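Following: one structure in structure tokens, then a few remarks.
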Amino acid sequence: MTPVIQLDHVWKTYHTGDFELHAVRDVSLTIERGEFVAVMGSSGSGKSTMMNIIGCLDRPSAGRYLLDGTDISTLDRNGLADIRNQKIGFVFQGFNLLTRTSAVENVELPMMYNRTGIGTREMRRRAMEALDMVGLSKRYDHHPNQLSGGQQQRVAIARALVNQPALLLADEPTGNLDTRTSIEIMDVFQTLNDQGITVLMVTHEADIARYNKRCLVMRDGTVRSDTPVEDRLNAREQLAHFLAQAPESPALP
């Protein structure tokens, strides 16, 4: 089976005058279909640069990157935009929802840029199906200001799923959320991964990385460690434990 991500001796070098900065250094990496991988690393580790390459927002200076079997080095700007829309679903720390647009209409947006031409009725069906996958179909007509932070992130995840991408790329998806909501969102990701969806997640939080199955740590432009996650956390169990430990609200007078 073709890997979702295959990096072969990838470099990314920036030139400033006579100075060369090697942001990514000779990285080779394979992520198979159905994996759930965390990427960690401090500022300057090369993590963001590598994720920009994986997300088809940038090209490597040397080496080869295949996304779901497609060599991105052969694509022009329009080709990169098409493959981003068709093959990658993006989830960011900020939800990036249109404030005056309903949840279902926000989810429909990526399909409007799909060159295959999807009819209005089919767009609505797929958007509702994606909202159902994240447990939010009953709030399809709510606007972002009518939704909690966690619900807005669920809408963002549904939007990322609606084109049935090969890869779900999440960049600090719990960074703006409280502990309980973060666990709930990780439950969504674990459920989606159990359904076979490949997830690559950038996080600075070690506890969030423990919900993944595999963890990469970058430093100085290289992958310093690539290990299975031991003692992996189950989000549903963690949420039950969190609620059991939460203090009771004081009684109203």
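The values are calculated or read from the model by the stated rules, or taken from the named source; none is laboratory data. What you see is a predicted model; the values in this text were computed from it and never measured. Cβ placement follows ideal geometry from the backbone for every residue including glycine, while neighbour counts extend to all protein chains displayed.
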Please find, within region 49-66, the residue that is farthest from Ala156 (Cα to Cα) out of those that are among the hydroxyl-bearing types (Ser, Thr, Tyr) and buried (at least 17 other Cβ atoms within 10 Å of the Cβ).
-> Tyr65
Would region 105-113 turn up any residue that is over 18 Å from the mean Cα position of the chain (by Cα) and surrounded by fewer than 17 Cβ atoms within 10 Å (Cβ to Cβ)?
-> yes
Residues that are farther than 29 Å from Ser61 by Cβ, of a type in the set (D, E, K, R) and under 20 Å from the mean Cα position of the chain (by Cα): find the helices (runs of 4 or more DSSP H) completely inside region 167-253 holding 2 or more of those.
-> 179-194
Using beta carbons and a limit of 6 Å, which pairs, at least six apart or on different chains, have the first residue in region 92-104 and touching a residue at least 40 places away in the same chain (Cβ under 8 Å) and the second one buried (at least 17 other Cβ atoms within 10 Å of the Cβ) and aromatic (Phe, Trp, Tyr)?
-> Ala103/Tyr140
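Okay, residues lined up against (1) loosely packed, with under 15 Cβ neighbours inside 10 Å; (2) over 18 Å from Asp171 (Cβ atoms); (3) of a type outside the set (D, E, K, R):
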position: Met40; (1), (2), (3): no, no, yes
position: Asp68; (1), (2), (3): no, yes, no
position: Ile72; (1), (2), (3): no, yes, yes
position: Gln93; (1), (2), (3): no, no, yes
position: Arg100; (1), (2), (3): yes, yes, no
Scanning region 198-221 residue by residue, the ones that are within 17 Å of Ile31 (Cβ to Cβ) and either out of contact with any Phe, Trp or Tyr (no Cβ under 8 Å at 6 or more places or on another chain) or polar (S, T, N, Q) (or both) total 10
Taking region 172-197 and keeping residues touching a residue at least 60 places away in the same chain (Cβ under 8 Å), in contact with a helix residue (DSSP H, G or I) (Cβ under 7 Å, 6 or more places away or on another chain) and charged (D, E, K, R) leaves Arg180
Taking the stated definitions as given, is Ala160 crowded, with 24+ Cβ neighbours inside 10 Å, more than 16 Å from the chain's Cα centre (by Cα) and touching a residue at least 24 places away in the same chain (Cβ under 8 Å)?
-> no
Considering region 194-209 alone, what residues qualify as being surrounded by fewer than 19 Cβ atoms within 10 Å (Cβ to Cβ), over 17 Å from Asp68 (Cα atoms) and of a type outside the set (A, V, I, L, M, F, W, C)?
-> Asp194, Gln195, His204, Glu205, Asp207
Does His241 fit the bill of being under 16 Å from Gln93 (Cβ atoms), modelled with pLDDT under 95, loosely packed, with under 15 Cβ neighbours inside 10 Å and of a type outside the set (D, E, K, R)?
-> no
Mind listing whichever residues of region 8-34 are in contact with a helix residue (DSSP H, G or I) (Cβ under 8 Å, 6 or more places away or on another chain) and either crowded, with 18+ Cβ neighbours inside 10 Å or not small (Gly, Ala, Ser) (or both)?
-> Val10, Lys12, Ala23, Val24, Val27
Out of all the residues in region 74-91, which are surrounded by fewer than 17 Cβ atoms within 10 Å (Cβ to Cβ) and of a type in the set (Phe, Trp, Tyr)?
-> none
